[in-house]
Structure formats: C-alpha cells, structure tokens
1. What length, rounded to one decimal in nm, is gained on full extension from residue 82 through to residue 19, with 0.36 nm per residue of separation minus their alpha-carbon distance?
2. What shape does the range 1-88 take by its C-alpha gyration tensor, where a ≥ b ≥ c are the square roots of the eigenvalues and a/c under 1.5 counts as rounded, a/b above b/c as prolate, and the rest as oblate?
3. By a straight-distance test (C-alpha under 28 Å), which lysines pair with residue 217 as possible cross-link partners, with residues fewer than eight away in the same chain excluded?
4. Leaving out ligands, DNA and RNA, and with a 1.4 Å probe, what % of the accessible surface on the chain is carbon or sulfur?
5. So if I place +1 on the C-beta of Lys and Arg and -1 on the C-beta of Asp and Glu, and nothing else carries charge, what would the dipole magnitude of the chain be about its Cα centre? I want it in debye, nearest 20.
6. Between their Cα atoms, which of 28/103; 18/128; 91/132; 24/92; 103/132 are more than 20 Å away from each other?
7. Determine the equivalent ellipsoid of the chain by diagonalising the alpha-carbon gyration tensor, then write out the semi-axes as square roots of 5 times the eigenvalues, largest first, rounded to whole Å.
8. With n ≥ 4 as the cut-off for DSSP H runs, can you work out [θ] at 222 nm for the chain, using -39500 (n - 2.57) per run divided by the number of residues, rounded to the nearest 500?
Amino acid sequence: MLQIDLISIFPDYLTPLKLSLLGKAQDKGIVSIDIHDLREQTNDVHHSVDDTPYGGGAGMVMTAAPWGDAIDAITNDQELVDLIILTPAGKKFDQQMAADFSKKYHLVFACGRYEGIDARVGEFYSSKSNFKVHEVSIGDYVLGGGEVAAMVIIEATTRLIPGVLGNPDSLTEESHSISGNNDSLLVEYPNYTKPSNWRGLEVPEVLLSGNHGEIAKWRKAQAERRTQQLNKE
Ligand code: ADE
C-alpha cells in the first residue's frame, strides 16, 4: 500500500482527495491519504508559521521548525520516505516522474505558501539516509501555494497503481504513449462516440469501417500529427 501524507496550512483545500477514483482506492486499501495541519505543530498563541526573510526582500518565508516537527511526526527512521517539496523552482513534473512516484512506499508532500519554506528543511532531510527529497514544480507559473500542485501529482501518480483505475486497459494503451527518445508524451488521437452525425459533423469514416488495421494506422498518424503540431507551437 502507498502511504501519502500532505502537510498544509489549508488542510480543507485538499478535501477533493477523498472523492472519485482516489476515494475508492482508499476504501479498497490500495492507497492511504492523510492530511495534516501545519499549524498544529506551533506553540505560540498566534500559531505563526512564517517570518521575514534573512537578507531582506518582499514576502514571508515559512519557518523550518513546524515543518521539521510535522515531518518527524509522520515518519520514522526505519522506512523509506520520499519528501516532495512543491515549489516553482523545482524539477518539472512529468509522466515519467508520476511513474517513479507510483512505485514508492511513502510520499510526504510539503505544501508551502508565501515565498516558500526555509531551505534548511530540504537540506536536513536530504542528509538523512532513509529520505529522498524532491523539489517539484508542476509548470512554469506561480501558484498561491503547493496544495493544487500536490493534488495534480497525486492524481497522475495514483492512477498508475494497479487496481486504482476501473479499466486497466486504458493504462496499457497509454504506456505506449511515452515516446522512447525523450520524455515527451505522444498525445492521443481524437476520440468519437455515438451518434455518428452530430450537428452535421461526421465521424471519420475509417472508424466505422470495422477494419482494425486501418483504424490503428489512422490513429497512429493522427497522434503523430497532433504531437508534432503541439511541439511546433
Ligand atoms: N508553488 C507555487 N507555484 C508552484 C508550481 N508551479 N509548482 C509547484 N508548486 C508551486
């Protein structure tokens, strides 16, 4: 079973993780997801989690102590832990990273806000032999915090775990779609369903032909054309 823990100052932001396929996967015991409020690790009356940056500059930085206490509370030295720190300065998330994460035992997501988390948190856990620290970005834009990024990563990762998807055939089809030479995705061909004519638009005839060889050829050509088009833009 994959254990996933998330630490955030907005735990309610993460409630969609209980829904849909992921909710079912938790009921089936394939994954376990626990959400933790960072402020529970603070002792001061204001439950403060941030302070001004050393060296000056705009914004606030999240202090190391509550993060360290929160991570210690949900891990132990006997297990392998992959700590994922969400930051726009991280390595870009992709399908290959999702595949790697889907084979882990324990993922801990640190969802920072403001100008990020004191850099010593990543440094400290990197030096522990049972931890692997990943600084991850989901794209070249700045979000208000790591919560949505964590949910993106969890959705892409958990659907690759056997038993999570209703129809595992969709995974087999997709596995051919990570192209060999680089990590870019070969995008899917366009899909159609009934009716065959909608508002005057017809489904491509080859798909109605019943000729599986021709259909496969057409789909491959379409996927390649779409991928080329995307990579040009
Ligand atoms: N936090 C803020 N922006 C982010 C991004 N693009 N990816 C991951 N975490 C973030």
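The values are calculated or read from the model by the stated rules, or taken from the named source; none is laboratory data. Note that this is a predicted model, so its numbers are computed, not measured. Don't worry about glycine lacking a Cβ; one is built from the backbone with ideal geometry, like all the others, and counts go over all protein chains shown. Note: areas computed on protein heavy atoms with side chains; ligands, DNA, RNA excluded. Shrake-Rupley method; radii C 1.70, N 1.55, O 1.52, S 1.80 Å.
1. Extra length available between residue 82 and residue 19 comes to 20.3 nm.
2. Prolate, since a/c reaches 1.5 and a/b exceeds b/c.
3. Here the lysines satisfying the reach criterion relative to residue 217 are 194, 232.
4. Values: 7420 of 14170 Å².
Answer for the chain is 52 percent, counting heavy atoms of protein chains only.
5. Using only the charged Cβ atoms, the result is roughly 980 debye.
6. Distance filter (> 20 Å) returns 18/128; 24/92.
7. Working: eigenvalues 335, 78, 57 Å².
Square roots of five times the eigenvalues give 41, 20, 17 Å.
8. Helix-only estimate at 222 nm: -9500 deg cm²/dmol.
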